[in-house]
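What follows is a set of notes on a single structure, which appears directly below.
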Amino acid sequence: MEITAENVLRALSFVMEPDLKKDIVSLDLVSDISIDGNTVFFKVQVSNPAMHSRKRMEEACETQIHLKLSPEVEVRAEVVALDQDKKDAPENRKVLPGVKNIIAIASGKGGVGKSTITANFAAGMAKKGYKVGLIDADIYGPSAPIMFDVEDQKPGMKEIDGKNKMVPVESYGVKILSIGFFAETDQAIVWRGPMASKALNQMVSDVEWGELDYMFIDLPPGTGDVHLSIVQAVPITGVVVVSTPQPVALADARKGINMFGLDSINVPVIGLVENMSWFTPAELPENKYFIFGKDGAKELSDKMNISLLGQIPLVQSIRESGDVGRPTILQENTSQSKAFEEMVNNLELKLNE
Ligand SMILES: Nc1ncnc2c1ncn2[C@@H]1O[C@H](COP(=O)(O)OP(=O)(O)O)[C@@H](O)[C@H]1O
Ligand SMILES: [Mg+2]
């Protein structure tokens, strides 16, 4: 067969990428083909950049070209590590391949409303008609079972391709898995880093998530090893950071934003949500009391050049919604449900920019 770029590609379409389990041509991993007499040059990306794996790829390419083109061809393949972009593209992921956007919700401090915000993001996207999942990875205080009124439920089990997979619990159109389903809530458990990562990995990989538009992950509060191992184990689209307007909370939020931005971690921060921006009493719905300070998160987002996705008031009904297990965003047309809707719309816009 004649040595042309087209024929080289045809031959290489018989080479499988061992991790991604598809051929390297349909995965678009071959580039820069050039031909000089009997010598063929090209570049191939592999998901495992280890020496032995690159060597094996080189040999596989050579074998197919010799087989399909001619044993006379001199093959010069440059095998390089897969681009980060390619690695994170849904179709190339090993984990959660059917999930379009994976959003982690983080906070520097505990108790700032991270789980409340996560629950409303998830229920709000589901209300808009998206397919949504939620992983409650807060090992210190899982709260999704209460916030979605599914405390008495347990994930199911289903055999898929010979493997046992968990089936998430569903509430308000959100598929939910929580570390709280596996541990008694009143049982004090000391999770250690590796245990926490293992539990999270199982919630990601051993679960029948199916196709989702948005997956929200409620991270534990703070920014430390657990967070690092989570954001490295899961191909996260970006992080949303929640803070109250208090200076102490903002200082910790800033630390978190800086950590995610480190070169070695490099997870985009999609935006900031300010929670408990002002207090509004039920009997005086027009009044705003800035009890934790005014516009602190807004100023931080301006300074760090991050979007402010929303400002959520401190109102009794939000706390009550959490306790009865029906996210506030499902209320019809209240000022607090509108604040959450704006936050959800801003995230949707930001991700489709
Ligand atoms: N904007 C708000 N208005 C009223 N109560 C809130 C608000 N945000 C959170 N809460 C309440 O504060 C408590 C802590 O919130 P939670 O979301 O569990 O925080 P975190 O997950 O950061 O620890 C919960 O009881 C929750 O219902
Ligand atoms: Mg929480």
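The values are calculated or read from the model by the stated rules, or taken from the named source; none is laboratory data. Just so we're clear, the structure is a prediction, and the values are computed from it rather than from any experiment. Glycine also receives a Cβ, built like all others from the backbone with ideal geometry; neighbour counts cover every protein chain displayed. For accessibility, only protein heavy atoms count, side chains too; no ligands or nucleic acids. Shrake-Rupley method; radii C 1.70, N 1.55, O 1.52, S 1.80 Å.
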Report task. Evaluate 2.2 N^0.38 Å with N set to the residue count of the stretch 217-353, then give the Cα radius of gyration divided by it. Result -> 1.10
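Give the carbon-plus-sulfur fraction of the accessible surface of the stretch 40-189 in %, rounded to a whole number; probe 1.4 Å, heavy atoms of protein chains only. Walk me through the numbers before you get to the answer.
Working: 3500 of 7380 Å².
Accessible surface attributable to carbon and sulfur in the stretch 40-189 totals 47 percent.
Only bridges with both residues in the chain count here: give the DSSP antiparallel percent, nearest 5.
Values: 16 of 56 bridges.
Counting only bridges with both partners in the chain, antiparallel ones make up about 30 percent.
Kindly state, to the nearest 0.05, the FRET efficiency for LEU284 paired with ASP149, given R0 = 25 Å and r defined as their beta-carbon distance. Before the final figure, lay out the partial values.
Numbers: r = 30 Å, r/R0 = 1.19.
Given R0 = 25 Å and the Cβ-Cβ separation, E is 0.25.
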Query raised in the report: What ³J(HN,Hα) values, in whole Hz, does the Karplus curve 6.51 cos²θ - 1.76 cosθ + 1.60 give for the stretch 322-328 when θ = phi - 60°, with x put for Gly and Pro?
Result: x, 5, 8, x, 9, x, 3
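Hey, what's the Cα Rg ratio for the stretch 5-82 versus the globular rule of thumb, 2.2 N^0.38 Å?
On the way: Rg = 11.3 Å, N = 78, 2.2 N^0.38 = 11.5 Å.
Normalised Rg, Cα atoms only: 0.98.
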Report task. Round to the nearest 10 and give me the degree value, 0 to 90, for the angle of helix 193-205's Cα axis relative to the longest principal axis of the chain. Result -> 70 degrees
Query raised in the report: If you wrap the chain's Cα atoms in a convex hull and average its projection over all directions, what's the area in nm²?
Result: 20.8 nm²
Report task. Please figure out what share of the DSSP beta bridges in the stretch 5-82 is antiparallel and state it in percent, rounded to the nearest 5. Result -> 45 percent
**Report entry** Shape parameters for the stretch 96-184, alpha-carbon atoms, Rg then Dmax in Å
**Finding:** 13.4, 43
Report task. Take the solvent-accessible surface of the protein heavy atoms, probe 1.4 Å, and return the percent of it on the stretch 219-353 that carbon and sulfur atoms account for. Result -> 50 percent
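Suppose all protein chains stay in the model; what accessible area per residue would a 1.4 Å probe give for the chain, in Å²?
Value returned for the chain: 49 Å² of accessible area per residue.
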Requested in this report: Work out how far the C-alpha atoms of the stretch 255-306 reach from end to end along every principal axis, then list the three figures in whole Å, largest first.
Outcome: 50, 17, 14
**Report entry** Euclidean distance of C-alpha centroids, the stretch 102-121 and the stretch 27-78, integer Å
**Finding:** 46 Å
Query raised in the report: Using the Karplus equation 6.51 cos²θ - 1.76 cosθ + 1.60 (θ = phi - 60°), what ³J(HN,Hα) coupling, rounded to whole Hz, does each residue of the stretch 165-172 give in order, writing x for Gly and Pro?
Result: 10, 7, 10, x, 7, 10, 8, 6
